[in-house]
Amino acid sequence: MTNITQQEFHQLASYIEIHFGIHLKDEKQSLLVGRLQHVLTDLGFQTFTQYYEYLVKDKTGQAGPTLVDKITTNHTYFMRETGHFYYFRDVVLPYLKSTVHDKDLRVWCAASSSGEEAYTIAMLIDEFFSKEKMFWDTKILATDISGNVLEKAKKGVYSKEQIAPLPAIWKSQYFKQYTDNSYVVTERMKHEVLYRKFNLMEEIYPFKKKFHVIFCRNVMIYFDLPTKDAVIQKLYDSLQPGGYLFIGHSESINRETSAFKYISPAIYRKA
């Protein structure tokens, strides 16, 4: 195994924080080494200094994406933090149905990972609007920094165990058998989600229209406070007045420094 010096760790940690917003504390040193060991071997590097120099000099555009794919956890599952989805169904969707007069519903999953969250929202919307859905534009924008998980999300293939938390009617309506132990999201539901690569560290979020709802859950736990505050402000600016923001239950927004209005645990609203 390639050892890492304190200086090498701090160099890499600084690079990761600047480019991806992920704050790595010193106790994550062994984790970083373990995640990158195969990368160094494949590239033929003997030290992390060589790898760092490769990163900063890379002209191919491949080094950074490979790094972020290795260091991000991307742990998610269907119906994670179930209360959010019930609130979205029972409160947010009825409100939007009565107030979005142009029938252009804009929802953004800002850390979509392998697609479970975005597809859950798509199924909720489909069920809620039912026959009226043909009159609405309900496509969901789902973004993530990791190209690997986005490719998995686009395929929409999940094991029997992964879709177990979903209602039986959803399994029959929105999935097809793929193999003996896996299922694939129907083409109709795949068309409801637009997957795009996006880094929340971008200085400007380049969206032409503001969103009615943003889900940005369980990603800001990796940011330090200044980074988190900056992202929260950009999310606020990306919402329509009255729009909703859902974050992870292990995350919070400082109500003294943010204009977001607290609604309930991990649910906020733009004034």
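Within the stretch 122-136, being surrounded by 21 or more Cβ atoms within 10 Å (Cβ to Cβ) and in contact with a Phe, Trp or Tyr (Cβ under 7 Å, 6 or more places away or on another chain) holds for one residue alone: Met123. Scanning the stretch 202-218 turns up no residue that is of a type in the set (Val, Ile, Thr), within 23 Å of Phe78 (Cα to Cα) and assigned to a helix (DSSP H, G or I).
Residues considered: Leu235, Leu245. Of these, the only one that is assigned to a strand (DSSP E or B) and closer than 22 Å to Asp137 by Cα is Leu245. A Cβ distance below 6 Å, combined with a sequence gap of six or more or placement on separate chains, defines the contacts here; from the stretch 260-271, residues that are under 22 Å from Arg80 (Cβ atoms) reach residues that are among the β-branched types (Val, Ile, Thr) in the pairs Phe260/Ile253; Ala266/Ile247; Tyr268/Ile253; Arg269/Ile263. Which residue is farthest from Lys139 (Cα to Cα), if the candidates are limited to the stretch 82-121 and must be in contact with a Ser or Thr (Cβ under 8 Å, 6 or more places away or on another chain) and acidic (Asp, Glu)? Per the stated criteria, the residue is Glu116. For the condition assigned to a helix (DSSP H, G or I), surrounded by 15 or more Cβ atoms within 10 Å (Cβ to Cβ) and of a type in the set (S, T, N, Q), Thr41 does not qualify. Note on the stretch 84-106: residues that are part of a helix (DSSP H, G or I) and within 18 Å of the chain's Cα centre (by Cα) amount to 3. Within the stretch 163-183, restricting attention to residues that are touching a residue at least 24 places away in the same chain (Cβ under 8 Å), in contact with a strand residue (DSSP E or B) (Cβ under 7 Å, 6 or more places away or on another chain) and surrounded by 16 or more Cβ atoms within 10 Å (Cβ to Cβ), the residue that is nearest to Arg106 (Cα to Cα) is Tyr174. Residues of the stretch 45-64 that are buried (at least 16 other Cβ atoms within 10 Å of the Cβ) and part of a helix (DSSP H, G or I): Phe48, Tyr51, Tyr52, Leu55, Ala63, Gly64.
Looking across the stretch 194-213, the residues that are in contact with a Ser or Thr (Cβ under 8 Å, 6 or more places away or on another chain), more than 24 Å from Ile71 (Cα to Cα) and surrounded by 14 or more Cβ atoms within 10 Å (Cβ to Cβ) come down to Lys210, Phe211.
Here Phe246 passes the criteria (1) surrounded by 14 or more Cβ atoms within 10 Å (Cβ to Cβ); (2) more than 16 Å from the chain's Cα centre (by Cα) except the one numbered (2).
Which of the residues belonging to the stretch 121-140 are in contact with a strand residue (DSSP E or B) (Cβ under 7 Å, 6 or more places away or on another chain) and either assigned to a helix (DSSP H, G or I) or without any contact (Cβ under 8 Å) to a residue 12 or more places away in the chain (or both)? Across the stretch 121-140, the qualifying residues are Ile121, Ala122.
Taken together, the values in this text are just the output of simple stated rules run on the coordinates, not laboratory data. Just so it is clear, the structure is predicted and the values come from calculations on it, not from any experiment. When we count neighbours, we look across all protein chains shown, and the Cβ atoms used for this are built from the backbone with ideal geometry, even at glycine.
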